[in-house]
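Right, one structure below, let's go through it.
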Amino acid sequence: MTTYHAALAWVDGVVRQDVTLRCHGDRLSAVDADTQAPPDAQQLAGLVLPGIANAHSHAFHRALRARTHEGAGDFFGWRQRMYAVAGALDPDLYRELAVAVYAEMALAGVTAVGEFHYLHHNLDGRPYDDPNIMGHALASAAAEAGVRLTLLDTCYLRGGFDADLEGPQRRFGDGTPDAWAARASALTDHATLRNGTAIHSVRAVPASAMPTVHALAQQRGAPLHVHASEQPAENSACLHATGRTPTGVLADAGVLGPGTTVVHATHVTDDDVAALGTTGTGVCLCPTTERDLADGIGPASALARAGSRLCVGSDSHAVIDLFEEARAVELDERLATHQRGHHRPEALLEALTTSGQAELGWDVGLRTGALADFVAIDLSSPRTAGATAGTAAASAVFAASACDVTDVVVGGRPLVRGGHHATIDVPARLSGALAAVEEALG
């Protein structure tokens, strides 16, 4: 048994003092507040939160950071550079990049990541000898970095409503929904790996194929994620091709519901909001990417009021700072509405931690029986200094940054101590991996 003692911890939505956390195996066997530190306890200063969930990641997009800002453009111009990187990765290079990216996430307090994975095959679209070698590379990378992974194996069948896959897109496709399901079904779970499913988007997956993806998720009891309404152009193309919004297409296909998470939902109609909320469909917001790509600001508070559970992701990794993602849910909506106070700090902390973990299929929280995944946030840094027990939750979500993460525990074991990864020199690993990608790009 391993024991930790936290000066402050966010337990059941309330900041409690002097909390003892006892871990048996990879789970919490006891969580007790107002306790003296046991002699054998490892001390955690600041505020302890449940493990942070990065609910939407494309690991290879990290190679685009600060490299796509020249000149004017939009999402579709950025996408061409993204396709170039997608075309440069083999399994070994993909693994090396992913190790570094997941380790960067660990330093930011992330204990579980949802990897929206569609880079499946060789450059010409032919399967590797091991048809899941790219997925295995990601799973191996997460294991080395020490974070939990929900591998959202993505069905991607066409380049648009009236377009075939071409160029690097050919790596993404399995040809038919049954071929996708046969490949994805071969993936197996273990203690720190869950295999979920994903529909890339309504433009990339015909409505007739969506029930196949949904059925595999249901069979596994695993999450299903899908991009929807990220850009106005996507909505326009969908309306032209189907007469329905992307959310309408998903609803007609029967894939909305509590096990499904829609990513972005930036340009949804009132009817879309109602459909997502009444079905209990989760929504993952990625504000730093939505800013970076000039996508827009989604109606987060309306979605929450309608019944959708919110979570956050760093998506393209323009930055990896989930505190910034969570507070941007509130702050960006202030810009759009000219009003303050859409989301309570506690609701944003839930999106950052327990809600995101649930959308990835992980049982995480500071309670007995949950996975022993938690993080400590420095409350004495230049950003958070002056925080008290009464203001700790608000200070964490509105002032802290990834730099304020001091300790990360996954499955009861320390992964980050004093701001340093237990086994990886993260800056060096990132520099090496990114240099290798640049070399591969020529």
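Below is a table of values for the structure above.
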read-out	value
Calculated P(r) tail over 17 Å for region 66-176, as whole % of Cα pairs	59 percent
Accessible area in square angstrom per residue, the chain, 1.4 angstrom probe	37 Å²
Percent RCO, i.e. relative contact order, over region 36-159, from Cα pairs under 8 Å lying at least 6 residues apart	31 percent
Antiparallel DSSP beta bridges within the chain, as percent of all bridges there, nearest 5	45 percent
Longest site-free stretch - the chain; sites: GluC sites (Glu not before Pro), DSSP loop, at most 12 other Cβ within 10 Å	167-442
For region 126-176, alpha-carbon Rg relative to the globular expectation (2.2 N^0.38 Å, N residues)	1.38
Spacing of the two label points (7 Å from each Cα toward its C-beta) at residue 45 and residue 30, in nm	2.7 nm
Over the chain, relative contact order from alpha-carbon pairs under 8 Å, at least 6 apart, %	21 percent
Within the accessible area of the chain (1.4 Å probe), percent carbon and sulfur	51 percent
Estimated dipole of region 160-289 in Debye, rounded to 20 [Cβ of Lys and Arg +1, of Asp and Glu -1, Cα centre]	400 debye
Amide H contacts under 5 Å for residue 370, placed H, 5+ residues apart	28
Alpha-carbon Debye profile of region 314-442, log10 I(q)/I(0) at 0.12, 0.13, 0.19, 0.22 Å⁻¹	-0.59, -0.69, -1.25, -1.43
Under-5 Å amide H pairs with residue 122, H placed in peptide plane, nonlocal only	128
Where trypsin sites (Lys or Arg not before Pro) fall in DSSP loop in region 261-353, at most 14 other Cβ within 10 Å	340
Charge tally in the Cβ shell below 13 Å around residue 86, where Lys, Arg are +1 and Asp, Glu are -1, residue 86 excluded	+3
Residue-count net charge about residue 365 - beta-carbon cut-off 12 Å; Lys, Arg +1, Asp, Glu -1	-2
Leading residue at positive end of dipole, region 74-130 (Cβ point charges), from 109, 78, 88	78
Estimated FRET transfer efficiency when R0 is 25 angstrom, pair residue 336-residue 383 (beta carbons, to 0.05)	0.50
Two-decimal ratio, region 266-323, of alpha-carbon radius of gyration to 2.2 N^0.38 Å	1.15
Electrostatic dipole magnitude of region 281-431 [Cβ: Lys, Arg +1; Asp, Glu -1; Cα centre; debye, to 20]	320 debye
Cut-off under 5 Å, modelled amide H: who pairs with residue 228 long-range	263, 265
Hz values of 3J(HN,Hα) by residue in region 151-168 - Karplus curve (6.51, -1.76, 1.60), Gly and Pro given as x	7, 8, 5, 9, 7, 8, 10, 8, x, x, 4, 10, 9, 7, 5, 8, x, x
Kirkwood Rh in Å, taken over all unlike Cα pairs in region 251-351	13.6 Å
For region 292-301, Karplus couplings with θ = phi - 60° (6.51, -1.76, 1.60), whole Hz, Gly/Pro x	4, 9, 6, 6, x, 10, x, x, 4, 5
Spacing of the two label points (7 Å from each Cα toward its C-beta) at residue 14 and residue 128, in nm	5.0 nm
Relative contact order (%) - region 198-264, alpha-carbon pairs under 8 angstrom, separation at least six	42 percent
Nearest-0.05 FRET efficiency for residue 161 and residue 270, computed from C-beta distance (R0 25 Å)	0.55
Diffusion coefficient, µm² s⁻¹, Stokes-Einstein with Kirkwood Rh over alpha-carbon pairs of region 1-129 at 4 °C and 1.567 mPa s	71 µm²/s
Rounded to 5, percent antiparallel among DSSP beta bridges of region 90-227	10 percent
Convex hull volume of the chain per residue (C-alpha atoms, cubic angstrom)	136 Å³
The chain - charge dipole about Cα centre, Lys and Arg +1 at Cβ, Asp and Glu -1, debye rounded to 20	340 debye
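The values are calculated or read from the model by the stated rules, or taken from the named source; none is laboratory data. Because the structure is predicted, anything quoted here is derived from the model rather than measured. Note that we place each Cβ from the backbone using ideal geometry, even for glycine, and neighbour counts take in every protein chain shown. When the accessible area is computed, the model is the full protein with side chains, heavy atoms only, and any ligands, DNA or RNA have been set aside. Shrake-Rupley method; radii C 1.70, N 1.55, O 1.52, S 1.80 Å.
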